[in-house]
Amino acid sequence: MNIIIMGAPGSGKGTQAALICKAHDLPHVSTGDLLRKNIADGTELGKQAKAFMDAGKLVPDELVIALLKNRIAETDCKNGFLLDGFPRNAKQAEVLGGIVDIDVALYLETDLDKLADRAANRRVCLKCGYSTSADKAPDGKCKECGEPLVIRDDDKREVVENRLKVYAANTAPLVEYYKAKGVLKTVDGMQSIEAVNAAIEAALK
Ligand code: ADP
Ligand code: ZN
């Protein structure tokens, strides 16, 4: 099964993606995680992407599309995958549609004005991609792998506001695009993690 998960920055996409992948044994393909890994590893791609990410802008399509194509060509994606953070604009959606069929596009619907606070409290693990809120990780360590949790460079308030604007202009229209293709499933993302997960599982049945 090829699944896309969509939602605004801070909508809980990454958290839900990890749960879905565990339950359905799918690889979690997050372009944000892949880009952050490239930055941490000091690759050429990471160097080119960093300034865009730190400003809350989209990384140029050529870079992200190449990254995505290489990743889904790996053998673990052969029997399906979950895409998180891609596509983020109409161009990327067109390119993706030319490579694979998407079975389900999950859309986590959220209240845009509550999301800036969520992002400000977010703590992430750069090693495994785990993310949580500051109050749930008082020891500051990743629950999955023990690495120290950090605040993402692009979770500063000014940058978050920019990411929300970029989302509204470029990514939100994809909801209609996948609706027209008949694969859209909308889930209320303002519930607890468990309730959102249950709604997603019901939608995937
Ligand atoms: P969030 O969805 O919470 O904003 P991500 O980890 O998905 O976080 O993305 C972080 C940043 O990585 C984005 O703001 C953008 O700069 C870059 N990025 C990730 N995926 C893409 C993509 N498909 N196209 C362009 N830029 C991307
Ligand atoms: Zn970790």
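Using helices alone, I'd like the mean residue ellipticity at 222 nm for the chain: each DSSP H run of four-plus residues gives -39500 (n - 2.57), total over residue count, nearest 500.
Computed ellipticity for the chain at 222 nm equals -13500 deg cm²/dmol.
Taking the alpha-carbon centroid of each part, what is the distance from the range 125-154 to the range 32-84 in angstrom? A separation of 20 Å, based on Cα centres.
Counting only protein heavy atoms and a probe of 1.4 Å, the accessible surface of the chain is 51% carbon and sulfur. Taking all protein chains into account, the per residue accessible area for the chain stands at 51 Å² (1.4 Å probe).
All C-alpha pair distances within the chain, sorted into 10 Å bins from zero, spread as 8, 36, 42, 14, 0 percent across the bins. Across the range 1-122, Cα pairs under 8 Å and at least six residues apart give a relative contact order of 48 percent. Working from Cα pairs under 8 Å separated by at least six residues, relative contact order for the chain is 31 percent. The gain in end-to-end length when the M190 to I151 segment is fully stretched comes to 11.8 nm, 0.36 nm per residue minus the alpha carbon separation.
The values are calculated or read from the model by the stated rules, or taken from the named source; none is laboratory data. Computed from a predicted model, the values in this text were never measured in an experiment. Accessible surface is based on the protein model in full, side chains and every heavy atom, while ligands, DNA and RNA are left aside. Shrake-Rupley method; radii C 1.70, N 1.55, O 1.52, S 1.80 Å.
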